[in-house]
Amino acid sequence: MNDTGRTATQLLSIGELSRRTGLSVSAIRFYEARGLVTAVRTGGNQRRFLRADIRRLSFALIAQQLGLSLGEIAVELATLPQGRAPTRRDWQAISRRIRGALQRRIEMLERTRDQLDGCIGCGCLSLATCALYNAGDRAARAGPGPRFLLGDRVAEPAEEGQDGAGRGSKSAGGRI
């Protein structure tokens, strides 16, 4: 037993953790610096990690691929118990909490896919007739960024489209 109450076989060196997770040693240090895992220090000041950290880091990798930020991942990992492997119930609680964020991302990806299909398939290349045309930059009223892709619908003044200046803009409601 060492001074943490753990046997040496319960702890992994940073190299072993790297091999088990596929992460580089520097990536593990990066995650450690952000509090996603916590190393135990040996008498020789070497890092040792709990076997449960394999799961924590694996979750971080998957969550990043799903689009969660490091901040969001850190918040979720902070809910897991220290010193023991998370249970099924622990992981289910995280799943319930991130489900809404994942659903919003899925919806945005679907909108993007659908809108890109329409844009690429259109082929008109004409600002005068294209349904993607944003006359008078009316989307800017809703704020910066790709407003239509973000799901915003910009209210159009009654005069737009009356004199031809807004031609094509009426049908752009859900477009990029």
Residue-span extension gain [Leu66 to Leu150] - 0.36 nm each, minus C-alpha spacing: 28.5 nm
Label-point gap, in nm, between Ala74 and Arg34 - each point 7 angstrom along Cα→Cβ: 0.8
Taking Thr112, Thr21 and counting other C-beta atoms within 10 Å, the order from fewest to most: Thr112, Thr21
Calculated FRET value between Arg19 and Arg113, using beta carbons and R₀ = 35 Å, to 0.05: 0.40
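FYI, it's all coordinate maths here, none of it is from the lab. Note that the structure is predicted; figures quoted are calculated from it, not measured. Note that each Cβ is placed from the backbone with ideal geometry, even for glycine, and that neighbours are counted across all protein chains shown.
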